[in-house]
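The values are calculated or read from the model by the stated rules, or taken from the named source; none is laboratory data. As the structure is a prediction and not an experimental result, all values here were calculated from the model. Backbone-built Cβ (ideal geometry, glycine too); neighbour counts: all protein chains shown.
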Amino acid sequence: MLEVAVQGEFGAFALDMAFTAGSDGITALFGRSGAGKTLLVNMLAGLVRPRAGRIALDGTALFDSAAHIDLKPEARRLGYVFQDSRLFPHMSVRGNLVYGRPKRAADRRVDFDHVVTLLGIEPLLERRPKALSGGEKQRVAIGRALLAEPRLLLMDEPLAALDAARKAEILPYIERLRDDLKIPIVYVSHAMEEIVRLADTVVLVSGGRIAAHGPIEEIMGRLDLRPLTGRYEAGAVISATVEGHDERYALTSLRFAGGVLTVPRVELEPGATLRVRVRARDVALALAPPKDTSVLNVFRGTVTEVGAERGPQVDLKLDIGAPLWARVTARSFDALGIEVGKPVYALIKAVALDRHSLGWVGAARFRGDEDGTGI
Amino acid sequence: MHSARERRKVSVSALVLSAPELEAVGLSLKVAFWCMIASLPLGIAMAWLLARRQFPGKHLVNGLVHLPLVLPPVAVGYLLLLLLGREGPLGAALYETFGITVAFTWKGAAIASAVMGFPLLVRAIRLSLETVDRGLEAAARTLGAKPWRVFLTVTLPLTLPGILTGAILAFARSLGEFGATITFVSNIPGETRTLPLAIYTLSQTPDGDAAALRLVILSFLLAMAALVTSEILARRMLVRLGM
């Protein structure tokens, strides 16, 4: 468990944050650029000193201003994956990977070959960083951090410098880390789709402070946090279990608290758990169950909250057994006479739930990962 | 005197170095080599101090390091003599504790040229040191490396181009050092008479012109060789460093 409570002033910027993160899974630090995310991560790593506070990992203090404890970065044993990978240019990929290896074999629990295979960097071992693509560099940087046997992995926007294709290339590897190596990860990002796919817990950072902290489903379900979680991409996050596949139409049925959700085929075994993000703008409303419609997902529910912000569009929170958001035009809002407590039908197009809306968690594994034993 | 200065025919034998000339070349190379070797660790330490540390009196130290660039070499040589001569505070201590005499020896010549070349050495290393990405050092520390290991495995290798340039500059500067050397260690054949001093001596000697010219050409070739070597090495190094 990571316990953080730090304060510091840096020029005109004041940082005052406190939160705890669990011993496994991914805790995401989400916020806009300049919110203080990187500063916080640098404090955790020991690269920036807070004015006051305490940082402790599994009960041991890494920093404690009251007790005059300030472990040096090399003594903290936290892996750090930087946005710009920071590979040593004068060493081969192999040289980079073994740089942080503990000297004594007895201290090595993470297996070199396993990490290399996991990250798919075997063919790159003898190359120089200069000869690698951005995505390859980031995979090597992740491997390098892991092989130093960290107690916690810090990842500061590891995908921010990459294009969409490279991002899609790396995300599965990070998912594997989380599921295979069971190492706690603090993941910094300003991209909600990454966080929904990866994180269990979200720490919402804004202006050097923590605006909210909790399970991702809860944070995304709060209308009052919408200015921070983002308007366009806003939506509910639903936890679900794979029920079965429709081989003929390449569809997958997901069981969740509100019923069964049909989505484009997901390569997961029945029983696997995953998270689905349903964007508010992909949800339509009807007062009666629609007939002869192409929409595969229709759920009965009630309106529980109407967004305070009244413009050409209105945000609504629905209860369909699980929280769901919908965004409708003000005209439809008036025409349907929507108010809190009104029963409605929520319509979700299956095709709106693409690969990027789905993130698997916990027991879920990739197909083809026969090893699956962890390390 | 005049008749003695008449030019003789240039024959092939005029291109062959005489024993004292060879001695001067050998001595110059020895002095330059030890000047470079001895000043490198100090130069690296000073460059690091100036590039990375803030301390009171930093401007003063920086000024002292650069002083030989602007001071007359003879003045530097004289200061060295005062300081390191047998009677000087440092020289006396050196002699009493280690039995080492540097004044009027080739070691003194190496010290004189090291002092004169020091600003060039420090400058080259400092510039290179300032281009090293501090983020790489931070990354190394998060990987468990202590500051010394970071310095030896990350900072120093990435500074190598600058160290090489600085070392070659110090070497070449030493080959050409005259004023501080002659003032500090005099002009003793076989001990402190390096190439420039030999050229000077010959130019003051009847019938010395041809020999002086030969040594001038030789100096030119040595300096060119040093600079070309450094260029080639620097290029190879950049490739090896993955830059």
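Here are some notes:
- Helices (runs of 4 or more DSSP H) enclosed by the range B:134-199 - at least 3 residues per element that are within 27 Å of A:Val81 (Cβ to Cβ): B:134-142, B:147-150, B:156-176
- The C-beta contact set for the range B:134-150 (first residue more than 7 Å from every other protein chain (Cβ to nearest Cβ), second residue acidic (Asp, Glu) and surrounded by 14 or more Cβ atoms within 10 Å (Cβ to Cβ), distance under 8 angstrom, 6+ apart or interchain) comprises B:Val150/B:Glu137.
- Pick from the range A:103-132, criterion at pLDDT 90 or above and assigned to a loop (DSSP other than H, G, I, E, B), ranking: nearest to the other protein chains (Cβ to nearest Cβ): A:Arg128
- Residue check for A:Leu62: in contact with a Leu (Cβ under 6 Å, 6 or more places away or on another chain) and without any contact (Cβ under 8 Å) to a residue 40 or more places away in the chain: yes
- Qualifying residue in the range A:78-93 (condition: farther than 21 Å from A:Asp179 by Cα and more than 14 Å from chain B (Cβ to nearest Cβ)): no
- Among the conditions (1) assigned to a strand (DSSP E or B); (2) exposed (fewer than 15 other Cβ atoms within 10 Å of the Cβ); (3) outside the structural domain of A:Ile348 (by TED's automatic domain parsing), the only one that A:Val203 does not satisfy is (2).
- Those residues of the range B:200-243 which are part of a helix (DSSP H, G or I), hydroxyl-bearing (Ser, Thr, Tyr) and more than 17 Å from the chain's Cα centre (by Cα), in sequence order: B:Tyr200, B:Thr201, B:Ser203
- In the range B:85-138, the residues that are under 19 Å from B:Glu191 (Cβ atoms), under 18 Å from the mean Cα position of the chain (by Cα) and either surrounded by fewer than 19 Cβ atoms within 10 Å (Cβ to Cβ) or among the basic types (Lys, Arg) (or both): B:Phe104, B:Thr105, B:Lys107
- Residue match in the range A:135-153 (condition: over 20 Å from A:Phe88 (Cβ atoms), outside any loop (DSSP other than H, G, I, E, B) and not aromatic (Phe, Trp, Tyr)): yes
- Residue match in the range A:66-76 (condition: more than 10 Å from every other protein chain (Cβ to nearest Cβ) and of a type in the set (Gly, Ala, Ser)): yes
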